[in-house]
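Each remark here refers to the structure printed beneath this line.
Values in this text are rule-based calculations from the coordinates and carry no lab data. Everything numeric here is computed off the predicted structure, so don't read it as measured data. Please note: Cβ atoms are built from the backbone with ideal geometry, for glycine as well, and neighbour counts cover all protein chains shown.
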Amino acid sequence: MKKFLSIVIIIGLLVGATVFGVPPARATVAVTTVRNDYAGAGTTGPFTYAFKIWSDSDLLVIQTDANGTETVLTLNVDYTVTGAGTATGGTITTTTAVPAGSTITLMPAFPYLQSQNWTSGQAITALSLNNVADKLAHQIQQLAEASNRSFQLPR
């Protein structure tokens, strides 16, 4: 019964309902930016991403040349990242200059995995709940961005 009540409270907090007198959690994902695009100008950056990532590998960096050919850049080979874990984002710097006529696209690349596993008797903290809810919100934004670029049949 205790586990059931905990689950009901957690779900209620995540969907924004008042459950058993516990008010809903405040939204911590306050941005809907899911990509940043920059025109190449012969520099290495820095180029800013305006969304939270939890680790450097949560970022997808694509360079598109003047002909439209996309190249996915490799972390710590083609670029470096700052700001992982910062709610407002951070920057990347490329190892070689991005030529004029090219573009750099920065997008989240969150894995679609369950990142938290609470066990019996383990304390559930507000921070762990917020991180799970934030990651879910970012994953939904990532899917919506991809869906918006997709061909869709009529309803």
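Note on Leu60 and Asn36: their simple-model spin labels are 1.8 nm apart, each label 7 Å out from Cα toward Cβ. The slack between Asn76 and Gln114, meaning 0.36 nm per residue of separation minus the straight C-alpha distance, is 11.1 nm. Rounded to two decimals, the Cα radius of gyration of the stretch 65-138 over 2.2 N^0.38 Å is 1.56. Placing a pseudo-label 7 Å from each Cα along the Cα-to-Cβ vector at Thr43 and Asp134 gives an inter-label distance of 2.8 nm. Per-residue Karplus couplings for the stretch 61-74, computed as 6.51 cos²θ - 1.76 cosθ + 1.60 with θ equal to phi - 60°, are listed in order as 10, 10, 10, 10, 7, 4, 8, x, 7, 8, 10, 7, 7, 9 Hz, Gly and Pro entered as x.
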